[in-house]
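This structure is in structure tokens; I'll ask about it shortly.
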Amino acid sequence: MATQTTTQVWLSNLDSWTGVAGSGDSTLQWQAGDGTPANGCIESVITGRNSGPDDNYFWKEFAFDTDLSIPSDQKIDSIQLKIYYKTTGYDTVEDVYDGPHEIRTTGDALVATSIAQSADITSETGWTQRTGSDEDVSGQGWLDSDSCRIRLNNQLHLGNSKTATATLRNDYLEIIVTHSDAAANIVQTII
Ligand SMILES: [Ca+2]
């Protein structure tokens with residue numbers, strides 16, 4: 001039974017993510033003017049005195065075969081995520097957290113958390129990569145013909161100033177799928 005690992009990189013540039021803001025204080029949007037290694041990323045921007053804490057997230061569904069290049073007759077064993085984040089535009093920031101970054105079903109049920117919620121990001125940063133754990137998802141019984149949902153969470157919280165604001169960006173998501181032969185237990189009898 002052959003086990004293979006297939007890595008798919010999402011530059012975000014042409015991909016449509018759905019942003020869900022925790023409240024009216026945050027705006028989740030496409031940012032064409034920044035990114036790594038190429039411009040184009042997703043960002044969450046919070047503004048306003050004492051705004052948040054806002055629990056925001058982006059989600060997108062991936063078909064294992066057409067989106068993640070998993071060949072036919074495969075079962076999905078484990079998934080690992082890697083992603084870059086960047087913070088910018090800090091003014092009177094209380095807390096900023098990147099993650100947790102999660103593997104979910106298409107019905108939005110949590111399957112596994114590959115990248116945990118970060119520590120409080122207390123200052124502006126350049127693009128920084130986070131590497132998650134390789135999570136066993138075999139209990140889902142996913143085959144190459146199925147899909148999963150990736151959910152990228154963040155939390156933003158501002159302090160007491162009318163000019164308070166903060167921005168968190170994400171780019172260059174890697175989805176690393178370990179898969180194996182789904183037909184490994186077929187017994188052929190020659191008579
Ligand atoms: Ca990009």
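The values are calculated or read from the model by the stated rules, or taken from the named source; none is laboratory data. Computed from a predicted model, the values in this text were never measured in an experiment. Using ideal geometry, Cβ is built from the backbone for each residue, glycine included, and neighbour counts are taken over all protein chains shown.
With polar (S, T, N, Q) and within 21 Å of ASP136 (Cβ to Cβ) as the only criterion, which of SER78, SER72, SER51, SER44 stands out? Break it down into steps so the answer makes sense when it comes.
On the way: SER72 fails: within 21 Å of ASP136 (Cβ to Cβ); SER51 fails: within 21 Å of ASP136 (Cβ to Cβ); SER44 fails: within 21 Å of ASP136 (Cβ to Cβ).
After ruling out the rest, the residue left standing is SER78.
Looking at (1) in a loop (DSSP other than H, G, I, E, B); (2) within 13 Å of the chain's Cα centre (by Cα), which one does SER145 not meet, given that it meets all the others?
Unmet condition: (2).
Say we look at the range 20-30 and pick out the residues that are surrounded by fewer than 16 Cβ atoms within 10 Å (Cβ to Cβ) and more than 16 Å from the ligand (Cβ to nearest atom); which of these is modelled with the lowest pLDDT? Write out each step before concluding.
Within the range 20-30, the subset surrounded by fewer than 16 Cβ atoms within 10 Å (Cβ to Cβ) is 20, 23-24, 27, 29-30.
Okay, now just the ones that are also more than 16 Å from the ligand (Cβ to nearest atom), so 20, 23-24, 27.
Details: VAL20: 96, SER23: 88, GLY24: 84, THR27: 96.
By that ranking, first place goes to GLY24.
Another question about this same structure. Testing LEU168 on (1) within 16 Å of the ligand (Cβ to nearest atom); (2) among the aliphatic types (A, V, I, L, M); (3) not in a strand (DSSP E or B), one condition comes back false. Which one is that?
Single failed check for LEU168: (3).
Ok, one more. State whether one or more residues within the range 164-173 are without any contact (Cβ under 8 Å) to a residue 40 or more places away in the chain, over 20 Å from the mean Cα position of the chain (by Cα) and more than 29 Å from ALA63 (Cβ to Cβ).
no
Is it true that ASN56 is in contact (Cβ under 8 Å) with a residue 40 or more places away in the chain and over 16 Å from TRP17 (Cβ atoms)?
For ASN56, the condition - in contact (Cβ under 8 Å) with a residue 40 or more places away in the chain and over 16 Å from TRP17 (Cβ atoms) - is not met.
Right, here's the next one. In this structure, is TRP17 more than 14 Å from the ligand (Cβ to nearest atom) and either touching a Lys or Arg at 6+ places or on another chain (Cβ under 9 Å) or within 24 Å of LYS162 (Cα to Cα) (or both)? It would help to see each step written out before you state the result.
Working: more than 14 Å from the ligand (Cβ to nearest atom): no; either touching a Lys or Arg at 6+ places or on another chain (Cβ under 9 Å) or within 24 Å of LYS162 (Cα to Cα) (or both): yes.
When the stated conditions are applied, TRP17 does not pass them.
Here is a follow-up. Can you tell me which residue is nearest to the chain's Cα centre (by Cα) among those in the range 121-142 that are charged (D, E, K, R) and not in a strand (DSSP E or B)?
First, the residues of the range 121-142 that are charged (D, E, K, R): 124, 130, 134-136.
With not in a strand (DSSP E or B) added as a condition, the list becomes 124, 134.
On the way: GLU124: 21, ASP134: 14 Å.
This residue is ASP134.
If you go through the range 63-80 one residue at a time, do you hit one that is in contact with a Lys or Arg (Cβ under 6 Å, 6 or more places away or on another chain) and basic (Lys, Arg)?
Our first condition is that a residue be in contact with a Lys or Arg (Cβ under 6 Å, 6 or more places away or on another chain); within the range 63-80, this holds for none.
Checking the range 63-80: not a single residue is in contact with a Lys or Arg (Cβ under 6 Å, 6 or more places away or on another chain) and basic (Lys, Arg).
Turning to a different aspect of this structure: So which pairs qualify, if the first residue must be in the range 88-99 and closer than 14 Å to SER161 by Cα, the second must be assigned to a strand (DSSP E or B) and of a type in the set (Gly, Ala, Ser), the Cβ gap must be under 6 Å, and the two must be at least 6 apart or on different chains?
That search, which allows pairs on different chains as well, returns TYR90/ALA166; VAL93/ALA166.
So, one more: Out of (1) more than 18 Å from ASN154 (Cα to Cα); (2) more than 16 Å from the ligand (Cβ to nearest atom); (3) in a strand (DSSP E or B), what's the single condition that is false for VAL9?
(2)
Would you please list the contacts, defined by Cβ atoms under 7 Å and residues six or more apart or on different chains, that run from a residue in the range 30-51 that is farther than 16 Å from LEU173 by Cα to a residue that is assigned to a loop (DSSP other than H, G, I, E, B) and within 11 Å of the ligand (Cβ to nearest atom)?
As it stands, the answer is ALA32/ASN39; ALA32/GLY40; GLY33/ASN39, since those pairs meet every condition given.
Among the listed residues ASP34, ASP55, ASP25, ASP65, identify the single one that is touching a Pro at 6+ places or on another chain (Cβ under 9 Å) and of a type in the set (D, E, K, R). Step through it out loud before you land on a result.
Working: ASP34 fails: touching a Pro at 6+ places or on another chain (Cβ under 9 Å); ASP55 fails: touching a Pro at 6+ places or on another chain (Cβ under 9 Å); ASP25 fails: touching a Pro at 6+ places or on another chain (Cβ under 9 Å).
Residue meeting the stated conditions: ASP65.
Quick check on my filter: what residues within the range 31-89 are within 16 Å of the ligand (Cβ to nearest atom), surrounded by fewer than 21 Cβ atoms within 10 Å (Cβ to Cβ) and assigned to a loop (DSSP other than H, G, I, E, B)?
Within the range 31-89, ALA32, GLY33, ASP34, THR36, PRO37, ALA38, ASN39, GLY40 meet the criteria.
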